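Trainee: Attaching a single structure in structure tokens format; questions to follow.
The values are calculated or read from the model by the stated rules, or taken from the named source; none is laboratory data. This structure is a prediction, so every number in the text was calculated from the model and none was measured. Because the Cβ atoms are built from the backbone with ideal geometry, glycine has one as well, and the counts that use them run over all protein chains shown.
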Amino acid sequence: MIRINLLPFRSARKKENVRRQISIFVLGGFLVAVSLFGYHLLLGSRVATQDQKVADAKADLAQLEKKLNEIKEMKKMLETIRRKTAVIENLELSRQAAVRLLDAMAHLTVADRMYLTELKISGNMVEMGGIAADNQTIAGFMTRLEESGLFKKVALRSTSANPQKDGNVLQKFSISGDRKPLERTGKPNQAPEKAEKK
């Protein structure tokens, strides 16, 4: 009978299997390391990209904040200009109102029948005092004031007889009127050009 010793063959085969497994393990570990390194590079690139985007966004935000501050300053300047313009317009309206009121009084008085001795303006309230030939002249003057469009309301405050040295008796009167505000746009209220003679 022939006997064959298979131990060396089995031993060599085992060694070959061990070498193969070690090679596979080393190769697998190398591939894992390469994959991890590549993934690390990819993540690093993405992080760098995001960092750049954040830096760009911060720069844009800084520019926008600067522009926003400039806009706020411009709004403050515009508001200051608006307030100054409103003050100038109010002063101009007040000046025009006083001039037009004096001009209106010159046209609204009844010629040769009365004259004004007092004219006070306080805001929209106007107080007038004067001397008239009679009560009918005073009533006509009040009617003219009401129809002029300058006043919302006209009221007779007082009237009294005022005897003269020549024997004539004149009427002393006091009238108050609530003046309409002068409008900013359009034509302001105007007194009649010529008052009709009583």
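Trainee: Which number in (1) on the phi > 0 side of the Ramachandran plot; (2) touching a strand residue (DSSP E or B) at 6+ places or on another chain (Cβ under 9 Å) marks the one condition that Asp112 misses?
Mentor: Of the numbered conditions (1) on the phi > 0 side of the Ramachandran plot; (2) touching a strand residue (DSSP E or B) at 6+ places or on another chain (Cβ under 9 Å), the odd one out for Asp112 is (2).
Trainee: Can you tell me which residues in the stretch 117-140 are surrounded by 14 or more Cβ atoms within 10 Å (Cβ to Cβ), at pLDDT 85 or above and within 45 Å of the chain's Cα centre (by Cα)?
Mentor: Val126, Glu127, Met128, Gly129
Trainee: Considering each residue of the stretch 123-152, count those that are among the aliphatic types (A, V, I, L, M) and part of a strand (DSSP E or B), and give that number. Give the steps one after another, and end with the answer.
Mentor: Applying the first criterion (among the aliphatic types (A, V, I, L, M)) to the stretch 123-152 yields 125-126, 128, 131-133, 138-139, 142, 145, 150.
Now restrict to residues that are part of a strand (DSSP E or B): 125-126, 128, 131-132.
So the answer is 5.
Trainee: Checking the structure you have, find out if any residue of the stretch 153-174 is touching a residue at least 24 places away in the same chain (Cβ under 8 Å), surrounded by fewer than 14 Cβ atoms within 10 Å (Cβ to Cβ) and in a loop (DSSP other than H, G, I, E, B).
Mentor: no
Trainee: Let me ask something additional. Against the definition (surrounded by 14 or more Cβ atoms within 10 Å (Cβ to Cβ), in a helix (DSSP H, G or I) and not acidic (Asp, Glu)), how does Ala97 come out, yes or no? Let's see the steps before the verdict.
Mentor: Details: surrounded by 14 or more Cβ atoms within 10 Å (Cβ to Cβ): yes; in a helix (DSSP H, G or I): yes; not acidic (Asp, Glu): yes.
Yes; evaluated as a whole, the condition is true for this residue.
Trainee: Also, I was wondering about something else. Within the stretch 100-116, work out how many residues are surrounded by fewer than 13 Cβ atoms within 10 Å (Cβ to Cβ), part of a helix (DSSP H, G or I) and not aliphatic (A, V, I, L, M).
Mentor: Result for the stretch 100-116: 1.
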